[in-house]
Structure formats: structure tokens, C-alpha cells
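The values are calculated or read from the model by the stated rules, or taken from the named source; none is laboratory data. This is a predicted model, so every value here is computed, not measured. FYI the Cβ positions are ideal-geometry reconstructions off the backbone, even for glycines, and counts take in every protein chain you see. When the accessible area is computed, the model is the full protein with side chains, heavy atoms only, and any ligands, DNA or RNA have been set aside. Shrake-Rupley method; radii C 1.70, N 1.55, O 1.52, S 1.80 Å.
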Amino acid sequence: MDTPAQNERMLLADIETLREQFPQTQDLYREVCIAMFFRYGVTPTANKLYQLVRKGSMSAPAEALNRFWEDLREKSRVRIEHPDLPEALKQATAEMAISLWMTAMGQAQESLTTYRSEVAEQLVEAKAAKEAAEMSEQAANKAMEANLLKLKSTETIIQDLEHRITALQTKNEGLASQLDAGKAEIINYQSQLKERSLEFTLELEKQRQVSQMTEERFNASEKRALMEIDRERQQSGKLQKELDQARSLMAELIKNHQKELLIKHDDIGSLRQEIGSLQGNLSALNESRDLMLKELSSERGRLEILQSHLSSIKTEREEVQKQLHIAADKIISLHAELVAERAARQAEKQLELQIKPTTAAVSEHENAD
């Protein structure tokens with residue numbers, strides 16, 4: 001005996017076969033009704049038909065079911081009115097057909113009522129879904145209008161930012177030109193410092209050569225002159241140490257200045273990289289520009305300090321030259337005194353030599369007397 005599940009699977013297989021044989025919707029529903037009623041002993045209903053076939057609108061299975069019962073009733077009536085049947089059989093058959101018809105009509109009416117209630121519920125749900133969709137569409141339209149307004153305001157802001165970025169780029173180019181001019185000025189100052197340092201070194205070397213020649217020329221002078229020369233040498237050594245200290249200080253300042261220039265180059269590179277991502281940070285750029293100007297002014301102050309230090313070194317050098325000239329004059333005067341003293345001694349010796357023969361002659365004359 002077949003189970004309901006097997007009957008269900010067989011009915012679905014028959015329906016798939018009927019789909020290929022009867023492409024029309026009403027014909028397909030009619031054949032499914034015949035198969036359910038006569039082959040599987042299941043009373044067809046509109047809801048059951050639609051669940052099995054799933055074709056056409058919701059009214060298609062109800063219409064096909066009504067036609068099926070009308071056809072069945074007509075066929076039963078013909079068989080009942082057949083002339084060859086006895087009257088008792090006709091009456092029994094008519095009663096059975098009426099009973100079957102009334103039962104089928106009752107079930108069909110119930111299925112139709114259920115179907116109508118389901119259709120009504122589906123209509124209510126469809127209307128609610130339609131209203132919700134309309135409300136969603138209205139909300140979406142409002143949101144779209146708001147987004148359009150935001151987009152317009154955003155485009156205005158972007159244009160403003162582009163104008164600001166263009167202005168900032170122009171200002172940055174001006175700052176870059178100012179920095180290049182400052183860099184050229186610093187390089188010029190460095191070249192001037194190098195030239196002055198070279199001139200100072202040459203002059204110092206000349207002074208050393210003059211001092212050495214003076215020492216070689218008056219190496220044989222008296223101890224007093226040598227002491228004076230030693231003092232002058234000591235003083236010249238002190239000045240040389242001060243000059244070396246000044247040179248080392250100048251080299252250190254130049255080295256620090258070069259380091260700061262490298263740091264400034266790095267700052268300029270990073271500033272150029274940050275131009276692409278500027279978003280209105282004008283105040284920070286102005287502050288960095290002021291800081292750079294302050295650094296340039298401080299560098300100029302340092303250069304002025306170096307120049308003043310060089311001028312003081314030149315003044316000391318001139319003082320050393322004066323002292324060297326004074327020492328040379330003293331050495332010359334001492335040499336002249338030595339020469340005069342030697343001449344006086346030679347004159348005394350000559351007088352003594354001249355006086356000795358005269359004295360001897362006088363003594364001999366006295367002895368003779």
C-alpha cells in the first residue's frame with residue numbers, strides 16, 4: 001500500500017509530465033484535477049492546486065476547479081439518463097451523484113472561501129508593502145536631495161580649498177625664493193670670510209718672516225736686546241694662540257652654520273612635500289616662515305659677531321706690528337750704542353798706544369838728567 005509521501009512524490013512526477021503535454025494553464029489545472037480525483041483519490045482544492053502547479057494567477061486554479069466539477073456533473077448526468085439502465089439504478093446513481101456533487105461543492109466552496117481569505121490577506125500585505133515601498137522611495141528621494149545639497153556644498157568647499165592651495169603655493173614659491181636669496185647671501189659671506197682669513201694668514205706669515213729675519217739679523221746682540229726679543233716672541237706666541245683660537249672658533253661656527261644649512265635644506269624638502277597635502281594650514285606656514293626669518297637674522301648676527309671679532313684681531317695684529325717696530329727701533333738704537341761704545345773703546349786703546357811711547361821717552365829723559 002502506497003504511503004501519502006509516495007503518493008505525493010508520484011503526483012509531483014505526474015504533474016511534471018502533464019506540464020510538458022499541456023502548456024496551457026487551464027488545461028494543465030484540469031488534468032491535475034482529474035489525476036488527483038480519479039487516480040489518487042484526493043479531492044482537489046484551489047489552494048492545493050496552486051501549491052502543486054504554481055502557474056498563472058491565484059484565480060486560475062479556482063476557475064479550473066469549477067470547470068472540473070461542472071464537467072463531472074454533466075458526464076454523470078448523461079450516464080444517469082442512459083435509456084438502458086433500470087429506474088432503480090438510475091435513482092440510486094442520481095442520489096449518489098448528487099451526494100458526491102454536494103460534497104464536492106461544499107469542499108470547493110470551503111477551499112474557495114479559504115482561498116479568498118488568503119488572497120485578501122495577501123492583498124493587504126501587498127498594499128502594506130506597497131505603502132512601505134512608497135514611503136521608502138519618498139525617504140530615499142529626500143535623502144537624495146539632501147545628498148545633492150551636501151554634494152554642492154562639498155564642491156564649493158573643494159573649490160575654496162583649491163584656491164587656498166594655489167595661494168599657499170604662490171606664497172611658498174616666494175618663501176623659497178627668499179630662502180634661496182638668503183642661501184646665496186650666506187655663501188657670499190662664507191667666501192668673504194675665507195678670503196679675509198686667507199689674507200690674514202698671508203699677512204701673518206709675512207710678519208713671521210719679518211720677525212725671523214729680524215731675529216737672524218740681530219742674533220748676536222746683547223742680552224738686553226735678546227730679552228726684549230724673547231718678550232716680543234712670547235707676546236707674539238700669545239697672539240698666535242689667540243689667532244689659532246679665533247680660527248678654530250671660526251671653523252666651528254662655519255661647520256655649525258653648514259649643519260644648520262643642511263637642516264634647513266631638509267626642512268625645505270619636507271615643506272615642499274607637505275604642499276600637496278595642505279588643507280588650509282596657513283597659520284603654521286606663516287609661523288615656519290617667521291621662524292626661518294628669525295634664524296636668518298640670527299645667522300646674520302653671528303656673521304656680524306665674526307666680523308667684529310676679525311676686526312678686533314686685526315687691531316691686535318696692528319698693535320703687534322707697532323710693538324715689533326718699537327722693538328726693532330730699540331734693537332737698532334742698542335746696536336748703535338754698542339757700535340759707539342766699541343768705537344770709544346778702540347779710540348781709548350789707540351790713545352793708550354799713542355801715550356805709552358811718549359811716557360817712555362819722558363821717563364828716559366828724566367833718567368838721563
Original post:
Does any residue in segment 165-192 that is under 17 Å from Arg272 (Cα atoms) come within less than 6 Å, Cβ to Cβ, of a residue that is open to solvent by 60 Å² or more (accessible area, probe 1.4 Å) six or more places away or on a different chain, and which pairs are these?
Top reply: Leu175/Arg289
Subject >> Candidates Glu155, Glu205, Glu162 - the one that is over 46 Å from the mean Cα position of the chain (by Cα) and at negative phi >> reply: Glu205
Original post:
What number of residues within segment 1-42 are within 21 Å of Thr103 (Cα to Cα) and open to solvent by less than 50 Å² (accessible area, probe 1.4 Å)?
Top reply: 8
Original post:
Out of Glu173, Glu195, which single residue is in a helix (DSSP H, G or I) and surrounded by fewer than 11 Cβ atoms within 10 Å (Cβ to Cβ)?
Top reply: Glu195
Subject >> Test set (1) among the small types (Gly, Ala, Ser); (2) part of a helix (DSSP H, G or I); (3) at pLDDT 75 or above - Ser57 fails condition number >> reply: (2)
**OP:** Would you check if Glu185 is out of contact with any Cys (no Cβ under 6 Å at 6 or more places or on another chain), farther than 26 Å from Leu334 by Cα and open to solvent by 70 Å² or more (accessible area, probe 1.4 Å)?
**Re:** no
Original post:
Restricting attention to segment 257-264, does a residue exist that is aliphatic (A, V, I, L, M), more than 52 Å from the chain's Cα centre (by Cα), part of a helix (DSSP H, G or I) and at pLDDT below 80?
Top reply: no
Subject >> Top-ranked residue in segment 278-336 [being within 43 Å of the chain's Cα centre (by Cα) and of a type in the set (Lys, Arg); ranked as most open to solvent (accessible area, probe 1.4 Å)] >> reply: Lys294
Original post:
Which of the following residues is at pLDDT below 80, among the acidic types (Asp, Glu) and either at positive phi or in a helix (DSSP H, G or I) (or both): Glu316, Glu337, Glu364?
Top reply: Glu364
